[in-house]
Every structure is written in structure tokens, then in C-alpha cells.
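Read the structure below first, then the notes.
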Amino acid sequence: MEMIKLIKGDITKLEVDAIVNAANSSLMGGGGVDGAIHRAAGPSLHEECKEIIKKIGKLPTGEAVITGAGNLKCRYVIHTVGPIWQGGNFDEEKLLRNAYVNSLKIAKEKGIRSIAFPNISTGVYGFPKDLASDIAISAVREFLEKNPEIQQVIFVCFDEENYEIYKKKLHPNE
Ligand code: APR
């Protein structure tokens, strides 16, 4: 099976072990992929997130937590908070890498074999897409080299711009 896959589409439709949500620190849902995941999962996801927030207060940028998936086809949702782009001098690159690595660490701990990522921070949070794709691809490749337990990572691009960027980097000859 191909270790790293690229698809264009809606992450809420995937039948993988886990999908990653580009959440905010409140975990109370929002727009973009966060809104789509909560809508598709149903209210049980919001309830689980509320329980987590009761315990931790808020989810710091770059950190990740795992919940069930409600009505979604996948088994788990890993919620992570990407950095808001502020020009690049506020550790945004490190924090975005952390969001990918911490999501993968949780997946490994949980025995998850297939995990799908959206293009974290590149929507509302305004992170430059090309730079974000370099960070995402290198973080995932490095993690997979050391952790073969994760058998497949899928990059799910919803918008054309991200898809073209990832395609150039992952399938340069096509
Ligand atoms: N499936 C996959 N990807 C999606 C979907 C979907 N159904 N809907 C949107 N996306 C993509 C966007 O096209 C973008 O490339 O997710 C990527 C991330 O964009 P946002 O969802 O805006 O996430 P982000 O930039 O990380 O901002 C997070 O937005 O929705 C709020 O509550 C969220 O406050 C948080 C902030």
C-alpha cells in the first residue's frame, strides 16, 4: 500500500481509521473543515469535545487530542490546532509541524494505521499554502520513516490551489 496518498475531496467522506480536524483551541467547532466535520459527525462529537475542554481548559496551538467520530465513516477524529499566520516570526512553522507530529503520535499510540490530514492552517488561519505543504510533507515523511506502524497517510485537499501544490510535490512527473 502506498504510504503517502494525495486526494482531492471532502475529508468527512473517508473510511480511514482517523481523520484530523483543523480545530481551534476551544474545540467548540467553527467554519471550514472544523464545521464540516462537526456537521457530519453530529452532536456527540461536540459533547466529547466539551468533556475534554472541561479537563484541559483549552487545546494549545500545535497540540492534539483524540475523540470518537459520531456518525462519520472513520473511527476517530484527531483534533489539532494549527497556528494563525502572523508573518512568520511567531514560531508558526514549528507550531504547524507540531500539529502534524502530535497528531501522528496520538495515532501511533492508538494503533491507528490510516490517517487523513486536511491542509491545516491554510484556510481561515492564513498560512501560506506552499510553505505549509513543505512543512506537512516533511513532517509526515520523517515520522513514517521512524514509525512504520502507521501504514498510510492521506493528504486531503479540498481546494484546487492546495491540490495543485501537493500534486507538484508528491507526483512531480505527472
Ligand atoms: N474536507 C477537507 N478539507 C476541507 C474541508 C473538507 N470538508 N473544508 C475545508 N477544507 C480545507 C480548506 O480548503 C483549507 O485548505 O481545510 C483547510 C483548512 O482550512 P480551515 O478549515 O479554514 O482551517 P484553518 O485554516 O486551520 O483555520 C482553523 O477555522 O474553521 C475554523 O474552528 C476553526 O478556528 C478554526 C480555524
Which numbered condition Glu142 fails, given (1) buried (at least 21 other Cβ atoms within 10 Å of the Cβ); (2) more than 14 Å from the ligand (Cβ to nearest atom): (1)
Verdict on Ser114 being surrounded by 15 or more Cβ atoms within 10 Å (Cβ to Cβ) and in contact with a His (Cβ under 9 Å, 6 or more places away or on another chain): no
Unique match (being under 23 Å from Ile137 (Cα atoms), small (Gly, Ala, Ser) and away from the ligand (no atom under 11 Å from the Cβ)) among Gly42, Gly111: Gly111
Condition check for Asn98: within 14 Å of the ligand (Cβ to nearest atom), under 14 Å from the mean Cα position of the chain (by Cα) and outside any loop (DSSP other than H, G, I, E, B): yes
Test: residue in the stretch 3-15 that is in a strand (DSSP E or B), near the ligand (Cβ under 8 Å from one of its atoms) and under 22 Å from Leu96 (Cβ atoms): no
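Yes or no, residue by residue, for (1) under 18 Å from Asn119 (Cα atoms); (2) surrounded by 13 or more Cβ atoms within 10 Å (Cβ to Cβ); (3) β-branched (Val, Ile, Thr); (4) at pLDDT 95 or above:
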| position | (1), (2), (3), (4) |
| --- | --- |
| Gly32 | yes, yes, no, yes |
| His38 | yes, yes, no, yes |
| Lys54 | no, no, no, yes |
| Gly57 | no, no, no, yes |
| Gly62 | yes, yes, no, yes |
| His79 | yes, yes, no, yes |
| Gly88 | yes, no, no, yes |
Enumeration of residues in the stretch 26-39 that are near the ligand (Cβ under 8 Å from one of its atoms) and in contact with a strand residue (DSSP E or B) (Cβ under 7 Å, 6 or more places away or on another chain): Gly32, Val33, Asp34, Ile37
Conditions (1) touching a residue at least 60 places away in the same chain (Cβ under 8 Å); (2) of a type outside the set (Asp, Glu); (3) assigned to a helix (DSSP H, G or I); number of the one not met by Cys74: (3)
Which numbered condition Val124 fails, given (1) more than 13 Å from the chain's Cα centre (by Cα); (2) within 9 Å of the ligand (Cβ to nearest atom); (3) open to solvent by less than 80 Å² (accessible area, probe 1.4 Å); (4) at negative phi: (3)
Residues within the stretch 145-161 that are under 14 Å from the mean Cα position of the chain (by Cα) and within 13 Å of the ligand (Cβ to nearest atom), tallied: 5
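The values are calculated or read from the model by the stated rules, or taken from the named source; none is laboratory data. Model, not experiment: these values are computed from the prediction. Note: ideal-geometry Cβ built from the backbone for every residue, glycine included; neighbour counts use all protein chains shown. The area values use the complete protein model at the heavy-atom level, side chains included, leaving out ligands, DNA and RNA. Shrake-Rupley method; radii C 1.70, N 1.55, O 1.52, S 1.80 Å.
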